[in-house]
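Q: Can you keep this structure in mind? I'll have questions shortly.
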């Protein structure tokens, strides 16, 4: 079996170690607290919400913590609903984990994730709408505008000071919340919790409601919809492979949520954690007993790297609360008047 090398293993240990510190009640070690005090002036100096008005409705879906919180599924759900209204919707992203080009690049459904970034590639394939990536999100916005977009959704970018926006949405993981509530690197926060006072909506991806979060957030849940064969694309019921044991592989910020979704459908798991945005190599999954189930974010990077026939991606979807959909739709309509 091909080896993925020492760098991913080191990164995985680092991520696991930091998450273990950030998301527990005990104070972080002294050396992280010292590093946090040194970094605090820089993080606290980050500007408040930019006031520049974009040319069209521009919805930023971001979070306050390092790592994922469910932003991309929410972007997909919002884009799907707005497109159903007859709007020309485009998504912009930095394209993290890909080439992160300095000039805007339109991502097609067949663009490799090594170029697009895993999340941008996943959106381009599942939504079939324009997805633009650029290291400078403002340039991605301009490319989307020139291509005819009348609504733009930014996957991440809450802290991107050069990107104008008309609506800010913060996603919070209901179980992990804000961890120990400290700024990086002593905790997971990119900005102080007071930044929440400036956003238009907070969405909690359940289950759970984070400690310290004011009432009034919208609550959503990811629901498993199908297993999709990585070999031939056939869609199967989610619990088709239960009750036997399976190898669950996840290279996302919080693999625990993926594992819990599978366990809720009766699966017994052999868990295989990979670093967030992990770059797979040929043969990496071949020695697993199988069958193998991966996340959609991992599947866009595997493709021809997997030679076995018994591997599947778990397709999930997020249903938006009616009052949240109304908030987004009314904002877009008012902006366009």
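The values are calculated or read from the model by the stated rules, or taken from the named source; none is laboratory data. If you're wondering where the values come from, they're calculated on a predicted model, not measured in any experiment. Here the Cβ is made from the backbone with ideal geometry for all residues, glycine too, and neighbour counts use every protein chain on show.
Q: Can you confirm whether residue 222 is surrounded by 18 or more Cβ atoms within 10 Å (Cβ to Cβ), more than 22 Å from residue 291 (Cα to Cα) and in contact with a strand residue (DSSP E or B) (Cβ under 9 Å, 6 or more places away or on another chain)? Write out each step before concluding.
A: Details: surrounded by 18 or more Cβ atoms within 10 Å (Cβ to Cβ): yes; more than 22 Å from residue 291 (Cα to Cα): yes; in contact with a strand residue (DSSP E or B) (Cβ under 9 Å, 6 or more places away or on another chain): yes.
Yes, satisfied.
Q: Right, here's the next one. State yes or no: is residue 250 without any contact (Cβ under 8 Å) to a residue 60 or more places away in the chain, surrounded by 16 or more Cβ atoms within 10 Å (Cβ to Cβ), under 19 Å from residue 122 (Cα atoms) and touching a helix residue (DSSP H, G or I) at 6+ places or on another chain (Cβ under 8 Å)? Let's see the steps before the verdict.
A: Values: without any contact (Cβ under 8 Å) to a residue 60 or more places away in the chain: yes; surrounded by 16 or more Cβ atoms within 10 Å (Cβ to Cβ): yes; under 19 Å from residue 122 (Cα atoms): yes; touching a helix residue (DSSP H, G or I) at 6+ places or on another chain (Cβ under 8 Å): yes.
Yes: the conditions hold for residue 250.
Q: Being more than 20 Å from residue 39 (Cα to Cα), within 16 Å of the chain's Cα centre (by Cα) and surrounded by fewer than 21 Cβ atoms within 10 Å (Cβ to Cβ) is the filter here, so list the residues in segment 176-197 that pass it. Spell out the reasoning first.
A: We begin by selecting, within segment 176-197, every residue more than 20 Å from residue 39 (Cα to Cα); these are 176-177, 196-197.
Okay, now just the ones that are also within 16 Å of the chain's Cα centre (by Cα), so 176-177.
Scanning segment 176-197 gives a single hit, 177.
Q: Against the condition at pLDDT below 95, surrounded by fewer than 17 Cβ atoms within 10 Å (Cβ to Cβ) and not assigned by TED's automatic domain parsing to the domain that holds residue 126, how does residue 243 come out, does it pass? Break it down stepwise before answering.
A: Values: at pLDDT below 95: yes; surrounded by fewer than 17 Cβ atoms within 10 Å (Cβ to Cβ): yes; not assigned by TED's automatic domain parsing to the domain that holds residue 126: yes.
Considered against the rule, which asks whether it is at pLDDT below 95, surrounded by fewer than 17 Cβ atoms within 10 Å (Cβ to Cβ) and not assigned by TED's automatic domain parsing to the domain that holds residue 126, residue 243 comes out as yes.
Q: Check segment 282-291 and report whether any residue there is surrounded by fewer than 18 Cβ atoms within 10 Å (Cβ to Cβ), modelled with pLDDT under 95 and touching a helix residue (DSSP H, G or I) at 6+ places or on another chain (Cβ under 8 Å).
A: yes
Q: Sticking with this structure for a sec: So is residue 161 over 26 Å from residue 97 (Cα atoms), surrounded by fewer than 21 Cβ atoms within 10 Å (Cβ to Cβ) and touching a residue at least 12 places away in the same chain (Cβ under 8 Å) or not?
A: No; evaluated as a whole, the condition is false for this residue.
Q: Let me ask you something else. Here is a check on your reading of the model: is residue 86 on the phi > 0 side of the Ramachandran plot and surrounded by fewer than 13 Cβ atoms within 10 Å (Cβ to Cβ)?
A: On the way: on the phi > 0 side of the Ramachandran plot: yes; surrounded by fewer than 13 Cβ atoms within 10 Å (Cβ to Cβ): yes.
Yes.
Q: Of all residues in segment 265-276 being surrounded by fewer than 20 Cβ atoms within 10 Å (Cβ to Cβ) and in contact with a helix residue (DSSP H, G or I) (Cβ under 8 Å, 6 or more places away or on another chain), which is nearest to residue 246 (Cα to Cα)?
A: 269
Q: A further question follows. Out of all the residues in segment 125-158, which are without any contact (Cβ under 8 Å) to a residue 24 or more places away in the chain and either surrounded by 20 or more Cβ atoms within 10 Å (Cβ to Cβ) or closer than 15 Å to residue 80 by Cβ (or both)? Give the steps one after another, and end with the answer.
A: Narrowing segment 125-158 to residues without any contact (Cβ under 8 Å) to a residue 24 or more places away in the chain: 128, 146.
The answer is 128, and nothing else.
Q: Working only within segment 89-106, note down all residues that are more than 28 Å from residue 333 (Cβ to Cβ), crowded, with 21+ Cβ neighbours inside 10 Å and touching a strand residue (DSSP E or B) at 6+ places or on another chain (Cβ under 9 Å). Let's see the steps before the verdict.
A: Going through segment 89-106, the residues more than 28 Å from residue 333 (Cβ to Cβ) turn out to be 94-103, 105.
Narrowing further to those that are crowded, with 21+ Cβ neighbours inside 10 Å: 94-95, 97-98, 105.
Residues satisfying the conditions are 94, 95, 98, 105.
Q: Still on this model: Quick check: is even one residue across segment 32-45 modelled with pLDDT of 80 or more and within 23 Å of residue 279 (Cβ to Cβ)?
A: No, the conditions are met nowhere in segment 32-45.
Q: Continuing with the same structure: In the set 173, 156, which member is closer than 30 Å to residue 30 by Cβ and in contact with a strand residue (DSSP E or B) (Cβ under 6 Å, 6 or more places away or on another chain)? I'd like the intermediate steps shown before the answer.
A: Working: 156 fails: closer than 30 Å to residue 30 by Cβ.
From the options 173, 156, the qualifying one is 173.
Q: Enumerate the strands (runs of 3 or more DSSP E) found wholly within segment 217-308, keeping only those where 3 or more residues are more than 28 Å from residue 320 (Cβ to Cβ). Walk me through it before giving the result.
A: Details: elements: 218-220, 222-229, 245-250, 268-273, 292-295.
Filter on segment 217-308 gives 245-250, 268-273.
Q: So, residue 64, is that one surrounded by fewer than 24 Cβ atoms within 10 Å (Cβ to Cβ), touching a strand residue (DSSP E or B) at 6+ places or on another chain (Cβ under 9 Å) and modelled with pLDDT of 85 or more or not? I'd like the intermediate steps shown before the answer.
A: Working: surrounded by fewer than 24 Cβ atoms within 10 Å (Cβ to Cβ): yes; touching a strand residue (DSSP E or B) at 6+ places or on another chain (Cβ under 9 Å): yes; modelled with pLDDT of 85 or more: yes.
In short, yes.
Q: Ok, one more. Give the residue that is nearest to residue 202 (Cα to Cα), with candidates limited to residues of segment 309-323 that are more than 22 Å from the chain's Cα centre (by Cα) and assigned to a loop (DSSP other than H, G, I, E, B).
A: Once the filter is applied, the top-ranked residue is 310.
Q: So, one more: I'd like the full set of residues that are part of a strand (DSSP E or B) and either out of contact with any helix residue (DSSP H, G or I) (no Cβ under 9 Å at 6 or more places or on another chain) or in the same structural domain as residue 261 (by TED's automatic domain parsing) (or both), limited to segment 173-213. Full working, then the answer.
A: Applying the first criterion (part of a strand (DSSP E or B)) to segment 173-213 yields 173, 183, 189, 201-205.
Answer for segment 173-213, where residues must be part of a strand (DSSP E or B) and either out of contact with any helix residue (DSSP H, G or I) (no Cβ under 9 Å at 6 or more places or on another chain) or in the same structural domain as residue 261 (by TED's automatic domain parsing) (or both): just 204.
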